[in-house]
Amino acid sequence: MNRSRLADELLYQLAFETNTDIVLISEQYRNRDQPTWFSDPLSTSAIWISSSRNIRVEGHGSEEGFVWVRCEAMTFFSCYLTPNESIQQFRTKVDALEDAIFNT
């Protein structure tokens, strides 16, 4: 979303019009204060369960740069790895993401 206020405002409308249940977001404009909004500690990636009547969250977690949500037999990941960090920071985040993928 490139931290865009306009894109943030259109997100709800788009999810409603397309009957979307799960939205994966990178570079969100802001975090929502909702029990179905999950974000990483840096607020660079998020997952929004826009239709909680159809989706049951069984687990969730996050680390810097990514967030995950497990729903029934699937686990969804949303991540954002900025090109402005050092290669060491990038590798640390990718290693953590890889560990989370293998351990969830």
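The values are calculated or read from the model by the stated rules, or taken from the named source; none is laboratory data. Predicted, not measured: the structure shown is a model, and the values here were computed from it. Because the Cβ atoms are built from the backbone with ideal geometry, glycine has one as well, and the counts that use them run over all protein chains shown. When the accessible area is computed, the model is the full protein with side chains, heavy atoms only, and any ligands, DNA or RNA have been set aside. Shrake-Rupley method; radii C 1.70, N 1.55, O 1.52, S 1.80 Å.
Here are a few things to note about the model shown:
- Electrostatic dipole magnitude of the stretch 1-99 [Cβ: Lys, Arg +1; Asp, Glu -1; Cα centre; debye, to 20]: 220
- Per residue value of the accessible surface for the chain (all protein chains in place, 1.4 Å probe), Å²: 63
- Take every pair of alpha-carbon atoms less than 8 Å apart whose residues are at least six positions apart; their mean separation over the length of the chain yields a relative contact order of 20 percent.
- With only the Cα atoms considered, the chain has a convex hull volume of 94 Å³ per residue.
- Alpha-carbon centroids, the stretch 13-47 and the stretch 78-103: separation in whole Å: 20
- Its Cα gyration tensor gives the stretch 45-100 an equivalent ellipsoid, and the semi-axes of that ellipsoid, as √(5λ) in whole Å with the largest first, are 26, 11, 6.
- Gain on full stretching of the segment that runs from Ala96 to Thr18 - 0.36 nm per residue minus C-alpha separation: 24.8 nm
- Relative to the dominant Cα principal axis of the chain, helix 5-17 is inclined by about 50°.
- Per residue, the average separation of C-alpha pairs within less than 8 Å and at least 6 apart gives the stretch 27-73 a relative contact order of 34 percent.
- Selection among Val57, Tyr80, Val69 by position relative to the dipole of the stretch 28-87 gives Val57 as farthest towards the positive end (Cβ unit charges, Cα centre).
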